[in-house]
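**Q** What follows is a structure written as C-alpha cells; I'll ask about it next.
Any read-out appearing in this document is the output of simple, stated calculations on the displayed coordinates, not a laboratory observation. These numbers come from a predicted model, not from an experiment. Don't worry about glycine lacking a Cβ; one is built from the backbone with ideal geometry, like all the others, and counts go over all protein chains shown.
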Amino acid sequence: MPYVPHSPADIRAMLAEMGQSSIDELFDHLPDNVRLQRPLAMPDGLTEEEVRRYFGQVAARNHGQGELLSFMGGGVYDAIIPAACDAIVSRSEFLTAYTPYQPEVSQGTLQAIYEWQTFICRLTGLDVANASMYDGSTALTEALSVMLAAKRKKTIVLPETLNPRWRRVVGTAMRGEGMTILEAPVGPEGTTDLQALTKILTKDVAAFVIPNPNYLGLVEPVDELARIATEAGVAVVAAVNPVSLSVLKAPSEYGAALAVGEAQPFGINPGWGGPLLGFLSCADAHKRRIPGRIVGRTKDNRGNDGYVLTLQTREQHIRREKATSNICSNQGLNALRATVYLGMLGAGGLAELGEANLIRCAALRERVAKVPGVSLPFAGPVFNEFVIRLNKPAADFKAFARKRGVLAGLLLDGFAGCGTGDLLVSVTEKRTAAEIEKLGALLNEFLTGKVVD
C-alpha cells in the first residue's frame, strides 16, 4: 500500500488511544528473533523512486516456488493445477455469499459445498462429509474429539509415523481438553509396530489413528492395524492422502469410523505451505457430532432441486453448550477449487492421476538407488514420497541443491528413528523424467564430486 506519513503528534495520539508509550512498546510482545535489531541497510536521503527501486532489487533476490524445482512433500505437494481451475473459480457466478445463512440467495455456494461433500464421501467410502476444515491437522483434531465424546474416554493413540506437524496440533488441542496421548512406535520396516500396538490399545483408549500413507511415504498394513484396534474395542480414524485413494483401499474398507486428510493437491497451489483445505467424513452414526456444516439436497414446492444447511453443529447456530466445535470457516473458496478440479478429472482421471504418481515415484526411487552413497532404508510400497539415506548430512545436500534451484526434500533427523543422513523426497505427476534425472545427478555430484553430463 502507499506510504502515508504520520506527524509526531499523530503518532502520540494513536499511541495514547492504545495505551502505549512508544512504538517499541507497541511491538515488544514479539520475540526478538523475528524483530530487526538494527536500522534498515539502505542509504539515507533517498527519493521515493529510489526507495521503490531499492526494495524492488532486494525483493528480486527472493524466489517464488514456481521458479524452483520442488521435491518437497510431507503433506503439501507441488502438483499440476489446470488453468481451468482459476478460470472457473473466478467466474462471477461463484461470487456468492461467504456464509450461506440464507439458502434462497446462496444456492450456488450450497450446491458447490454439496458436491464437495459428495466427492469426499465417494473417495473415503464413508456416509457423511462436512464442509469443511482449515487443514488436515485440524480435521484430525476434530475427528479425535468426536470419538472421545462418543466413547466417553480420555485417551487416544497416535502412531510415531504420523505427520509431526499434525501431531503438534493434536497435542495442543488435547492438552487443553485434559486428554492423554499415547504413542505407537514405529517398526523396522518404517510402519507401525504391530506387536507393540497390541499392548497399547486397551479398553481405556477411545481412538487410534492410521496414517496411510504415513509420513515416510510408506503404505501402512491397514487391515492388520484395523483388526487389532477393532478387537480392542478402539475406533479407527484414518488420516489419508486423498490422491492415494485412487489406488489404495478406502478407509471404509478397513473399518474406519472417520477419515480425514489434506486436499491441497486437488487444485490448490502449495504457496510455501498454505492455504490448505482439510476434509472430514464419518460413518452415519457420528454425523451429529462432527463440526462445521452439512449441506443436504431436497426439492422445493415446484419440484426443483434445492440445497439447504441440514445439520449445523457450530455454537453460532445452536446453543453453545450443545455445540461440537467453534470452528468458524468452511474454507469455501478452496473447497470450490477442489470440487472444480475433481469434477474435471472424473473417476477415470483420478485413477490416472494416482497411477502417474506411482510411476514417477518408482522412477525416482530407481534413479537415486543407483547413486553411490545413497541407500533406501525402507523397502515397502510407497506413494508420493519415500526416504533416502545419504552417507553425508542431508542438510548439507539440501543446501547444495537449493543453490542450484532445487528444493530437495524434508529433513528427518529425529523423526521415527531417522538420522542426519535421512531425507524425505516427494514426486508428483508434475515431475518430468528430466527433472527426476536432475535430482539424481545432483545427488551424484554432491556425494562423489563427479558431474554427470
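**Q** Which distance in Å, rounded to a whole number, links the C-alpha centroids of segment 292-310 and segment 218-256?
**A** 32
**Q** On to the next question. What pairs from K392/K438; K199/K392; K203/K287; K430/K450 go past 30 Å between their alpha carbons?
**A** Working: K392/K438 19 Å; K199/K392 37 Å; K203/K287 24 Å; K430/K450 28 Å.
Those over the limit are K199/K392.
**Q** Rounded to the nearest 0.05, what FRET efficiency do R152 and T448 have when you use their Cβ-Cβ distance and R0 = 60 Å?
**A** According to the calculation, E is roughly 0.50.
**Q** Follow-up. Per residue of segment 285-292, what does 6.51 cos²θ - 1.76 cosθ + 1.60 with θ = phi - 60° give for ³J(HN,Hα)? Whole Hz please, x for Gly and Pro, Karplus curve as stated.
**A** 4, 10, 4, 7, 9, 6, x, x
**Q** Let me make sure I get this right: for segment 217-278, a, b and c are the square roots of the gyration tensor eigenvalues over alpha carbons, sorted descending. Under 1.5 in a/c it's rounded, otherwise prolate if a/b > b/c, else oblate. Which is it?
**A** prolate
**Q** Could you run the Karplus curve 6.51 cos²θ - 1.76 cosθ + 1.60 with θ = phi - 60° over segment 147-161 and give me ³J(HN,Hα) per residue in whole Hz, x for Gly and Pro?
**A** My calculation for segment 147-161 gives 6, 4, 6, 5, 8, 6, 10, 10, 10, 10, 10, 10, x, 5, 8 Hz in order.
**Q** Right, something else. If each DSSP helix of 4+ residues adds -39,500 (n - 2.57) and the sum is divided by the residues in the chain, what number results at 222 nm, nearest 500 deg cm²/dmol?
**A** Values: 12 runs with 162 residues, N = 453.
That calculation yields -11500 deg cm²/dmol at 222 nm.
**Q** Mind listing the long-range amide H neighbours of A239? Cut-off is under 5 Å, sequence gap 5 or more, other chains count too, H placed in the peptide plane at 1.01 Å from N.
**A** I210, N212, V260
**Q** So what J values fall out for segment 298-304 if you push phi through Karplus, 6.51 cos²θ - 1.76 cosθ + 1.60 with θ = phi - 60°, rounded to Hz, Gly and Pro as x?
**A** Those phi angles translate into 9, 10, 8, 6, 9, x, 8 Hz.
**Q** Peptides 195-207, 299-311: what's the order by average Cβ count within 10 Å, highest mean first?
**A** Numbers: 195-207: 16.7, 299-311: 12.5.
Descending mean neighbour count gives 195-207, 299-311.
**Q** Now for a different question. Whose amide H sits under 5 Å from the amide H of R293, counting only residues 5 or more places off or on another chain, with H placed in the peptide plane?
**A** A131, S132
**Q** For segment 83-342, what is Rg from Cα atoms divided by 2.2 N^0.38 Å, rounded to two decimals?
**A** Normalised by 2.2 N^0.38 Å, the Cα Rg of segment 83-342 equals 1.01.
**Q** Moving to a separate point now. Just order 440-451, 107-118 by mean Cβ neighbour count inside 10 Å, highest at the front, would you?
**A** Most protected by this proxy first, the peptides run 107-118, 440-451.
**Q** Continuing with this model, one more query. Whose amide H sits under 5 Å from the amide H of G190, counting only residues 5 or more places off or on another chain, with H placed in the peptide plane?
**A** Counting only residues 5 or more places away or on other chains, the set is empty.
**Q** Evaluate the charge dipole of segment 371-453 about its Cα centre and quote only its size in Debye, nearest 20, assuming +1 on the Cβ of each Lys and Arg and -1 on the Cβ of each Asp and Glu.
**A** Taking the Cα centre of segment 371-453 as origin, the dipole is about 200 debye.
**Q** How big is the gap, in Å, between the Cα center of segment 389-428 and the Cα center of segment 18-44?
**A** Taking the Cα centre of each part, segment 389-428 and segment 18-44 sit 35 Å apart.
**Q** From the C-alpha coordinates alone, can you work out the Kirkwood hydrodynamic radius of the chain, in Å?
**A** It works out to 24.5 Å.
**Q** Next question. Can you tell me the length gained on complete extension of the stretch E352 to D413, counting 0.36 nm per residue apart and subtracting the Cα distance?
**A** Value of the extension gain: 18.6 nm.
**Q** A further question follows. Using r as the Cβ-Cβ distance of D127 and Q65, and R0 as 45 Å, what FRET efficiency do you calculate, to the nearest 0.05?
**A** 0.75
**Q** Which order, highest average first, do 208-214, 377-383, 388-394 follow once you tally other Cβ atoms within 10 Å for each residue and take the mean per peptide?
**A** Going from most to least packed, we get 208-214, 388-394, 377-383.
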